[in-house]
Amino acid sequence: MPVPASIKKISDTVWEIPTSYKEGMRVPARIYATEELLKAMDDGVFDQITNVAALPGLVKAAYCMPDAHWGYGFPIGGVAPVDTKTGVISPGGIGFDVNCGMRLALTNLTYDEVKPHVRQLVDRLFERVPAGVGGTGFVKISQDEFRRVVEQGASWCIKHGYGWKEDLERTEEKGCIEGADASKISAKSVERGYKQIGTLGSGNHYLEIQVARPEHVFDEKSAQAFGITIPNQVVIMFHCGSRGFGHQVATDYLQSFLKVMESKYHIKILDRELACAPFHSREGQDYFAAMKCAINLSFTNRQVILHRIREVFSDVFRRSAEDLGMHMVYDVAHNTAKLERYEIDGETRDLLIHRKGATRAFGPGMDGVPEAYQAVGQPVIIGGSMETGSYLLAGVKSGIETFFSTAHGSGRTMSRTKAKKQYHGKTLQEEMAQRGIYVRTVSYAGLAEEAGGAYKNVDHVIEATELAGISRRVVRFSPVGNVKG
């Protein structure tokens, strides 16, 4: 469908679809985008975000970020603040890859030092960090131990030597969200997940060596606070989630909710993909506890991957990871539902913030922002396409308008099927090598799906987030080496 005729322009970067647009809408739908990005959004975004606006308990609006595109239930880039007393929890508002997120780590190396070793680094990372649909990790544990892992999160890794204690301080929720309960997950989900710790997966997951060029540092003070302190500094960014485990958790509870949503709770929705249950119901609380297990598994997965990255760099440069300055900047989650407190109409209320393909972006001075970043705000890591670049942003106080939510990536403009028809993976790999980006991939078809032309212009997305006042630019990174699922 085209942009709805009834859409109202609130500002150059805020657009609102009123409740009169569709029967059943309880609140307006708000889209944060420039006019150019709005017109380029695929048809499903407008239909899906207005369906979301019909969910019980929504507060103020249903929100869409600048990178929005069609997804399952919610558009990817959808945000839904729900009152916990009157509202619901919906797996469609969280996603199948629970806590699919980003982690950024530093080095004290310059690109001149790393350039002769890029091929060797990427090849070794490709060996040490399994990618693809069926990848299994090097962490060998029992299913019983896996249940402990998903309750303890990244702290389990530190206890077992897969990281540094300081890593937890620079991970959202300190790497373990409270309330995860392994008794609420199925045997099938455990079976799918317990061999996959330390693996990238497939789709848009990647591990990338990047460079912070001086001309791409937009806020030197904030960049220094985040550890970007030398010209052409090399960093490592990677994107992955809860693998088959998170997918199975979402699948199990979607089926559960579909059985009780209408018959037991008399909830009417506009799309079955938005299956839900009252937040404080038994089913809602069981899913919340199981979903938290998947959040913790993702933190664990990324912690183990960082451990392997440090091993590779240490081996190649024959120096310790500490000596190489391989500290974390931050680990930020997408695809979550989390309890946060906000003042609404003069009353402090507990809200469940669904962020589907959206990033939490707390501003300076807020609880939950690491002490080292209190003055500048929470780091926000935005992955672009493997051909273009990625960003480090910071949360801002004006982000309250979207309940401190911002974009999570550049956002697709082309289906995976269409991308595979338009691009050839091997040719793409060769062309990228000519441009100074060395890529290893499990599948040429998978590489074609992730061609830069299949995504929005990441610079335009970031510009929109900044103009809208929901996060601000700090540094842009350029890719030089990539491991692709």
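The values are calculated or read from the model by the stated rules, or taken from the named source; none is laboratory data. Quick caveat: nothing in here was measured; it's all calculated off a predicted structure. Because the Cβ atoms are built from the backbone with ideal geometry, glycine has one as well, and the counts that use them run over all protein chains shown.
Here are 410, 443, 415, 405: which of them is among the small types (Gly, Ala, Ser) and modelled with pLDDT of 95 or more?
Matching residue, one of 410, 443, 415, 405: 405.
Scan segment 122-144 for residues that are surrounded by 13 or more Cβ atoms within 10 Å (Cβ to Cβ) and either aliphatic (A, V, I, L, M) or in a helix (DSSP H, G or I) (or both) and jot them down.
Answer for segment 122-144, where residues must be surrounded by 13 or more Cβ atoms within 10 Å (Cβ to Cβ) and either aliphatic (A, V, I, L, M) or in a helix (DSSP H, G or I) (or both): 122, 123, 124, 125, 126, 128, 129, 131, 133, 139, 141.
Of these, 312, 329, 316, which one is touching a Pro at 6+ places or on another chain (Cβ under 6 Å) and either crowded, with 23+ Cβ neighbours inside 10 Å or over 30 Å from residue 251 (Cα atoms) (or both)?
Every option except 329 fails the conditions.
Would you please name the residue that is surrounded by the fewest Cβ atoms within 10 Å (Cβ to Cβ), looking only at residues in segment 363-406 that are under 16 Å from residue 103 (Cα atoms) and of a type in the set (A, V, I, L, M, F, W, C)?
Only one residue tops the list, namely 369.
Pick out the one residue from 222, 186, 202 that is touching an Asp or Glu at 6+ places or on another chain (Cβ under 6 Å), surrounded by fewer than 24 Cβ atoms within 10 Å (Cβ to Cβ) and touching a residue at least 24 places away in the same chain (Cβ under 8 Å).
Exactly one residue qualifies, and that residue is 186.
Right, residue 54: surrounded by fewer than 24 Cβ atoms within 10 Å (Cβ to Cβ) and under 13 Å from residue 25 (Cα atoms) or not?
Here the answer is yes, as residue 54 does meet what is asked.
Evaluate segment 181-197: report whether one residue or more is polar (S, T, N, Q) and in contact with a Ser or Thr (Cβ under 7 Å, 6 or more places away or on another chain).
yes
Restricted to segment 391-437, and to residues that are in contact with a strand residue (DSSP E or B) (Cβ under 7 Å, 6 or more places away or on another chain) and hydroxyl-bearing (Ser, Thr, Tyr), which residue is nearest to residue 228 (Cα to Cα)?
391
Inspect all residues belonging to segment 451-463 and state whether any of them is among the charged types (D, E, K, R), out of contact with any strand residue (DSSP E or B) (no Cβ under 7 Å at 6 or more places or on another chain) and outside any loop (DSSP other than H, G, I, E, B).
yes
Within segment 192-240, restricting attention to residues that are of a type in the set (Asp, Glu) and over 11 Å from residue 476 (Cα atoms), which residue is farthest from the chain's Cα centre (by Cα)?
Going through the qualifying residues, I end up with 220.
Any idea which of 440, 412 is more than 25 Å from residue 62 (Cβ to Cβ) and basic (Lys, Arg)?
440 is the lone residue from the list that is more than 25 Å from residue 62 (Cβ to Cβ) and basic (Lys, Arg).
Please go through segment 59-76 and give me each residue that is of a type outside the set (Phe, Trp, Tyr), part of a loop (DSSP other than H, G, I, E, B) and under 21 Å from residue 254 (Cα atoms), ordered by number.
71, 73, 75
Being touching a Lys or Arg at 6+ places or on another chain (Cβ under 7 Å) and touching a residue at least 60 places away in the same chain (Cβ under 8 Å), is that true of even one residue in segment 261-280?
There is no residue in segment 261-280 that is touching a Lys or Arg at 6+ places or on another chain (Cβ under 7 Å) and touching a residue at least 60 places away in the same chain (Cβ under 8 Å).
Mind checking which residues of segment 77-121 are surrounded by fewer than 23 Cβ atoms within 10 Å (Cβ to Cβ) and in a helix (DSSP H, G or I)?
Across segment 77-121, the qualifying residues are 111, 112, 113, 114, 115, 116, 117, 118, 119, 120.
So that you can scan it fast, the table gives a plain yes or no per residue for (1) in contact with a strand residue (DSSP E or B) (Cβ under 8 Å, 6 or more places away or on another chain); (2) farther than 24 Å from residue 174 by Cα; (3) surrounded by fewer than 24 Cβ atoms within 10 Å (Cβ to Cβ); (4) modelled with pLDDT of 95 or more:
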residue: 254; (1), (2), (3), (4): no, yes, yes, yes
residue: 262; (1), (2), (3), (4): no, yes, yes, yes
residue: 267; (1), (2), (3), (4): yes, yes, yes, yes
residue: 283; (1), (2), (3), (4): yes, yes, yes, yes
residue: 303; (1), (2), (3), (4): yes, no, no, yes
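Of the residues 323, 350, only one is assigned to a strand (DSSP E or B) and exposed (fewer than 15 other Cβ atoms within 10 Å of the Cβ); which?
Just a single option satisfies the conditions, and that option is 350.
So how many residues does segment 252-282 have that are of a type in the set (Ser, Thr, Tyr) and assigned to a helix (DSSP H, G or I)?
Looking only at that region, the number is 2.
Within segment 326-347, work out how many residues are among the acidic types (Asp, Glu), in a strand (DSSP E or B) and without any contact (Cβ under 8 Å) to a residue 12 or more places away in the chain.
Adding up the residues that qualify gives 2.
Hey, any hits in segment 202-215 for a residue that's assigned to a strand (DSSP E or B), within 26 Å of residue 118 (Cα to Cα) and among the small types (Gly, Ala, Ser)?
yes
Residue 249: of a type in the set (A, V, I, L, M), at pLDDT 95 or above and outside any helix (DSSP H, G or I), yes or no?
No; evaluated as a whole, the condition is false for this residue.
Return the residues of segment 156-199 that are more than 18 Å from residue 130 (Cα to Cα), in contact with a Phe, Trp or Tyr (Cβ under 8 Å, 6 or more places away or on another chain) and not in a loop (DSSP other than H, G, I, E, B); say none if nothing qualifies.
158, 171, 172, 173, 175, 184, 189, 190
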